[in-house]
Structures are given as C-alpha cells and as structure tokens.
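Okay, structure first, notes after.
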C-alpha cells in the first residue's frame, strides 16, 4: 500500500502507528483518526465556500455584463476573504422579543445539516468519510434537518416577515422532497444498494444516460431544496424583505449565507456522484487522486449550470411552485418509476446487453419527458387567464407631449 | 459497522462545533452596544403591532398530510428497490400495484382540491 494507490488508508495507517508508538491503544487511536479526518473534511468544505462565493459573484457578473469582484488579488479572488474578516467584526443584534434558544441554535443547525452530508460521499475510490450501507437514506434524513433550522429561525425571531418566510420554506421543502426521494429510487434499483460507494462502483454506464429524466428531476428538486432561484421564495427580497433570516446580523447571518453556498455545491456533488459516475474515469481505479480530479470537474460543471440558471430565470409565484411539484413532477416521477421497473425487468429477462438497455431506456425517458411537456402546455393553453387589471387610475395625459405644463410653450 | 456510526457521531459533533466556534469567536471580536431602538423588531420602520406568536391558519397543512403519505411510501419502496435485481417479475408487479394505488390517491387529493394553494 503506497500513498498513490490508497491515500486515505495510507495516512490513517501512518497515524495509528504513530499514536501506537507513544503508547495509545488502537481503539482510541482510531477514534482520534476519525476526529481528525472529520475535522479536515468539514473545515476544508467550509473554507471552500470562500472560493464558491467568489466564483458565483464572478460568473453572475459576467452574465450581467459586469466585471464582478476584481480588486483583491488576481481576478479578485480574495474578495470573499476580506468580506469574511469584515463580517467577523460585526455586532450581533438580537431583537428584544426573540426566543433566545432557537434563535441562536438555528444558524449552527443549518450549517451542520449541510456539512453532515459530506460524511458519506465518496470523493475517490478509497477516499471517503465512511462507507455507510444506508448512505443514501442518511443523506435524505440529514438533508431535511436544514428545514428545522429555517423554521427555528423564523419562529425564534418573533418577526412577522421571518415567520411568513419560514412557513413558505417549510411548505416548499416538504413538497419538493417527495419527487426528490422518488427520483433516487431509480439509481438504487439499478445498483441494488443504498451505499454511495456501491452506487459509484456499479456505474459502468453513467445513470444519467440510463435515466436522464430522473437526473433532471433530481436536479430541479435539489435546487428547490436549496431555495435558489427560480425557487427562492423563502428569501424573496421584494415581498418578504429577506425572509426567515431578516433579524440576523454579523456572523449568524453569515452562517446562513455559508450554508446556502455550501448546500448548492453539495447538491452538485450529489448529482455528480449519483448520476454522473462520481470519480469514474480512465485511470481512476489505480490513481485515486485522478478520480478526485474527475469528480471535481463534474461537480464544477453542475455547479456552473446552477449558477447560470440562477442568473437567467425569474422567480416562481408560490401557487405555480406548489403546482409544479405536486401536479407535474410527482406524477411524472411515479410513472417513470413504474415504467423503469417493468421495462428493466423485461429486458433483463430477455437477455438484453447493458448498452442496449441503456439506449432503450434513454429513448423511453425522453419520450415521457416530451409527453409530459405536451400535456402541461395543452393544459396551460386551455386554462382561462384571470384578468388582473386594477381599477382605472387617473393618468396625466398631456395633449402635446413636447410641452411642459405651465411653461407657456 | 459500529465504527461507521462512531465516525458519523464524531462528524456530527465536529460539524456542530465548527459553526458554533466561529459564531462564539466573532462574538468576542464584535462590539456590543445594544439599545432599545436597535433591538426593536424590524418592520420597514413601522412599530410592530402585537406578537408574532399567534394562532393563524397554516395554509399548507393538507400538503403536509399528503407529504406524510408519500414519505411513508418511500420508506416501503427503498427496501424494494435494493432487492430489485434479485426479484422475479411477480415481485416487481406487486410493487407497481402499490405505486399505482398511491398515484390514485394523489389524483383523488387533486380532484378534492387539496393541492390548490389559496
């Protein structure tokens, strides 16, 4: 075992031997190793957020024909470091009516809920936090802890805007969780395992080719779970001023910010691991670090897509958003699960090769997507549009557009 | 197996500790000059009328009920999905009947107007 073939195991072995050398029993040494690994993974992902914030500002700047941050360091890359240092010295303003315990606990819980997902995600063939046999269920369970944090923030602030934002968030998150969880059924069916490492190992053909519709629905619902545009109703600035985090200041607000950016990167990571083959690529089995590079590239592509999509789409209205998940996504994914289960079993019994099955399933997925799209379009065209004109208002209508009233011209 | 969950437990403690420590350290660095106006509830410059902790109609409680049905459904479906590759066609058909009944339930809730946002 060398560093290049198994970096994780190599370092762990080295650490345990080092600790055994100074007379620490193996069990305690393992626990210390675990704590160090967890601390490195968690700190690394938190520091990575600084880069993500810079990247997002830069890319959105480009989309909007601006330069984005460009003063500090090359291409303005240290801008977020300066922002972080500034936010560290900001005063905490606690509203006098707030319920202190949920108010202070919720930023911590929101960040922790996102960080804990990283414990089970395989970053390369031998580099992962832990190979949990129910990894996918763990991710779903931990992911829904975040909405607890949002509800606690809204309730604890004792502010009406915050409360409204939190209730919107709860309605949105529980509604989008249904199609998200159902779309994960198909990778589980194909790989026959809930373990994240197994799902990656079984992906000789990327699942996005096998079931592009499930991948698309997972991406859309994940964006809604994060609460990003076009699903950013929880923090609609124009309606709720800032939503659930309105009463927070200083680093407590910063923690919601960090959780938001880290969460969006985490869902890109999940899409890459579950549907885009994770660390799979040429030479990734022998050199795990190469697999890590592949994973980073795939994740960055998905993350860039999310950023550009954020810059280009307008926000949903709340009834449109609820209709979209319950009346479009949920029926479509249920039908897709039924069709996939039947067709895959029939094809396997008929002895079709993996590539043939993938091709057939790809065509079927696209067909379902097109049918669903047509049905929705027909329905929208038939529905009468409500007349939303207000009452007639007096408007200044000068006879001559070029003359100013009272100027005598 | 047990050490897996030990790692998860340690990871949970670490991921709760990091943001808590950051907030605590920032609290030491930050100035503390509270006054009554600064600590008032923010409402676009207006004075807040009454408490926020009142009784009100949660519009989405029907959504929450439908969500509960589907959440329990997935608890049943995930073990089925794990065992899918070893299953005969009959086992697959049984699960499909189960999913179709749930699809019927969704259509029923839809027809009853439970999925409308008022």
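Conditions: (1) within 14 Å of chain B (Cβ to nearest Cβ); (2) without any contact (Cβ under 8 Å) to a residue 24 or more places away in the chain; (3) farther than 30 Å from residue A:167 by Cβ; (4) surrounded by 15 or more Cβ atoms within 10 Å (Cβ to Cβ). Residue A:344 meets all but one. Number of the miss?
(2)
Conditions tested, residue by residue: (1) at pLDDT 80 or above; (2) in a loop (DSSP other than H, G, I, E, B); (3) under 30 Å from residue A:191 (Cα atoms); (4) out of contact with any strand residue (DSSP E or B) (no Cβ under 8 Å at 6 or more places or on another chain).
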position	(1), (2), (3), (4)
B:32	yes, yes, no, yes
B:55	no, yes, no, yes
B:80	yes, no, yes, yes
B:92	yes, no, yes, yes
B:96	yes, no, yes, yes
B:100	yes, no, yes, yes
B:116	no, yes, no, yes
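Out of the residues in the range A:119-137 meeting the condition of being assigned to a helix (DSSP H, G or I) and surrounded by 20 or more Cβ atoms within 10 Å (Cβ to Cβ), tell me which one is nearest to the other protein chains (Cβ to nearest Cβ).
A:119
Can you go through A:116, A:152 and tell me which one is within 11 Å of another protein chain (Cβ to nearest Cβ) and surrounded by 18 or more Cβ atoms within 10 Å (Cβ to Cβ)?
After ruling out the rest, the residue left standing is A:116.
List the pairs whose first member sits in the range A:324-341 and is more than 9 Å from every other protein chain (Cβ to nearest Cβ), whose second member is surrounded by 20 or more Cβ atoms within 10 Å (Cβ to Cβ) and outside any helix (DSSP H, G or I), and whose Cβ atoms are under 9 Å apart, counting only residues at least 6 apart or on separate chains?
Cβ pairs passing all conditions: A:336/A:211; A:340/A:211.
What helices (runs of 4 or more DSSP H) completely inside the range A:316-383 contain at least 3 residues that are more than 24 Å from residue B:81 (Cβ to Cβ)?
Of the helices (runs of 4 or more DSSP H) lying wholly inside the range A:316-383, those with at least 3 residues that are more than 24 Å from residue B:81 (Cβ to Cβ) span A:318-323, A:354-382.
Yes/no matrix, rows are residues, columns are (1) exposed (fewer than 14 other Cβ atoms within 10 Å of the Cβ); (2) within 14 Å of chain B (Cβ to nearest Cβ); (3) at pLDDT below 80:
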{"site": "A:23", "(1), (2), (3)": "yes, no, yes"}
{"site": "A:32", "(1), (2), (3)": "no, yes, yes"}
{"site": "A:37", "(1), (2), (3)": "no, yes, yes"}
{"site": "A:42", "(1), (2), (3)": "no, yes, yes"}
{"site": "A:49", "(1), (2), (3)": "no, yes, no"}
{"site": "A:52", "(1), (2), (3)": "no, no, no"}
{"site": "A:55", "(1), (2), (3)": "no, no, no"}
{"site": "A:69", "(1), (2), (3)": "no, no, no"}
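Is the range A:206-229 home to any residue that is modelled with pLDDT under 85, buried (at least 22 other Cβ atoms within 10 Å of the Cβ), over 30 Å from residue A:282 (Cβ atoms) and within 12 Å of chain B (Cβ to nearest Cβ)?
For the range A:206-229, residues modelled with pLDDT under 85, buried (at least 22 other Cβ atoms within 10 Å of the Cβ), over 30 Å from residue A:282 (Cβ atoms) and within 12 Å of chain B (Cβ to nearest Cβ): absent.
State which residue pairs qualify: first residue more than 8 Å from chain A (Cβ to nearest Cβ) and inside the range B:98-112, second residue assigned to a helix (DSSP H, G or I) and exposed (fewer than 14 other Cβ atoms within 10 Å of the Cβ) in any location, beta carbons under 9 Å apart, and separation of 6 or more residues or different chains.
B:98/B:76; B:105/B:69; B:109/B:65; B:109/B:69
The values are calculated or read from the model by the stated rules, or taken from the named source; none is laboratory data. This one's a predicted model, so the numbers in the text were calculated from it and none came from an experiment. Cβ coordinates were reconstructed from backbone atoms using ideal geometry, including for glycine residues, and neighbour counts include every protein chain displayed.
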